[in-house]
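All of the numbers you see were taken from the coordinates with simple rules; none came from a lab. In this text, all values refer to a predicted model and were calculated from it rather than measured experimentally. Note that we place each Cβ from the backbone using ideal geometry, even for glycine, and neighbour counts take in every protein chain shown.
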Amino acid sequence: METLCENGIPRKKSLNVYEQAQIRLEKIFNTFDNVYVSFSGGKDSGMLLHLCIDYIRKHCPGRKLGVFHMDYEVQYGETIRYVDQVLASNSDVLEVYRVCVPFKVSTCTSMFERFWRPWDEEKKECWVRNMPDGCYTRKDFSFFGRRMWDYEFQWRFARWLHLRKKAKRTCCLVGIRTQESLCRWHSLHRQELHRFRGLKWIRQIAVGVYNAYPIYDWKTTDVWIANGKFCWPYNPIYDLYYRAGVPLEKQRVASPFISEAQSSLKLYRAIDPEMWGKMINRINGVNFTAIYGGTTAVGWHKMVLPPGFTWYGYLQFLLGTLPAETRLNYQEKLDVSIRFWREKGGCLSEATIEKLKEAGVQFTVGEKSSYKTSKRPVRMEYLDDIQIPEFRELPTFRRVCICILKNDHTCRYMGFAPTKKEKARRDMILEKYSFLF
């Protein structure tokens, strides 16, 4: 396993990531009286759970470990069986919170639906399987409401469990690794304001409630080495991914309906045909996405403008094909972005600014940005398209067209900031639950 130093401080003896994880677990179990693992059934959370189970059996006999599993109803059969097996075989040390709740979950398989609901009582006849025995349902959570998204539920659950256990300090262990994405790296290395005792891998999320990331510096290979060395059971779906030719770094267990999973949705048809037959009747647009996911039909690879169109004209054509609510969503986000580039400007490097000059683009460069960056703010109008390597940093109608084709309702591909309406909704949620802080 790769050797790293804790918080960049050299040690007398170089420790590998497993040894450092043991030190972190010791700090966690000595400091927090209520500890639980967020377990999805994937390789990272599965390995973290076994890491904690072994630690408890060796160092904390008699202590219980909480397990929080959000059951999204639609999942590979292998994942469901793996979760069942792990929870059952370690029942002597685990307190299981298997949640089957109809919260809102993002979907990019349809232009008609921005979200779907697992375990939706109104669509019980379409459920792909029955609820597992002993699960927690919406009736167990007084804080749950139909407007709640899955990520909101996770935050509220942490506080709910903290109060239920009458804990002094609660810690949720999350199997996030910074190798997975730059966003995860930033989330760990951002400002020190909410760090616990200066540790960048523990963050406060509410009074007395914390998230911890004890395997943040592990690599994908480290996870598989640990599974092999300690004979920990893992989700067999990864063996099927390997046989299907899926690269190691792209083998992930996640919601099959998000944008990142579009190109791999078709694997359900080959790997789990029984589940596939139920999925296409459960979620709008699944079969279409499986056929065309990863192609130009849904905004992947090189986009070719239809003959006789400009990108702005093609955008208007695409907007005209959408349902009214979906069309309004994209228009609102576009309006926000247009105002942003006109009034504040996006931060661009000097090299990109020079390329804009060479392309004859009209723009205004500011001297200083309110963001912490050496780049300068550039105010400009939306372009139809521009052929430079940094095109994803610039406002073009081509990029908006790609968002629509991807069914990217949140416009993540564009890097759009939340709209004023979304920010107001977030502020309303924080205000509503402010009495908890």
Report summary line: Non-local residues with an amide H under 5 Å from the amide H of Leu173, with H modelled 1.01 Å from N and Pro and chain starts lacking one, are Tyr36, Val37, Ser38, Ala212
Report task. Starting from the Cα-Cα distance between Thr221 and Ile353, subtract it from 0.36 nm times their residue separation and give me the gain in nm to one decimal. Result -> 43.5 nm
Query raised in the report: Of the trypsin sites (Lys or Arg not before Pro) in the stretch 136-178, which ones lie in a loop per DSSP and count no more than 11 other C-beta atoms within 10 Å?
Result: Arg146, Arg147, Lys166, Lys168
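Tally Lys and Arg at +1 and Asp and Glu at -1 over the other residues with C-beta under 13 Å from the C-beta of Phe153: what net charge comes out?
For residues surrounding Phe153, the net value is +3.
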Report summary line: Quotient of Cα radius of gyration and Kirkwood radius for the stretch 3-230, i.e. Rg/Rh, equals 0.97
Query raised in the report: So what are the ³J(HN,Hα) numbers for the stretch 59-73, from phi and the Karplus equation (6.51, -1.76, 1.60; θ = phi - 60°), rounded to whole Hz, Gly and Pro as x?
Result: 10, 10, x, x, 8, 9, 10, x, 10, 10, 10, 8, 8, 8, 6
**Report entry** Calculated from backbone phi, Karplus (6.51, -1.76, 1.60) coupling profile of the stretch 165-172 in Hz, x at Gly/Pro
**Finding:** 7, 6, 7, 7, 9, 10, 10, 9
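Which of the pairs Lys43/Lys104; Lys266/Lys302; Lys266/Lys406 have their Cα atoms more than 23 Å apart in this structure?
Lys43/Lys104
Run the numbers for Val365 and Arg197: contour at 0.36 nm per residue of separation, minus the present Cα-Cα distance, in nm.
56.3 nm
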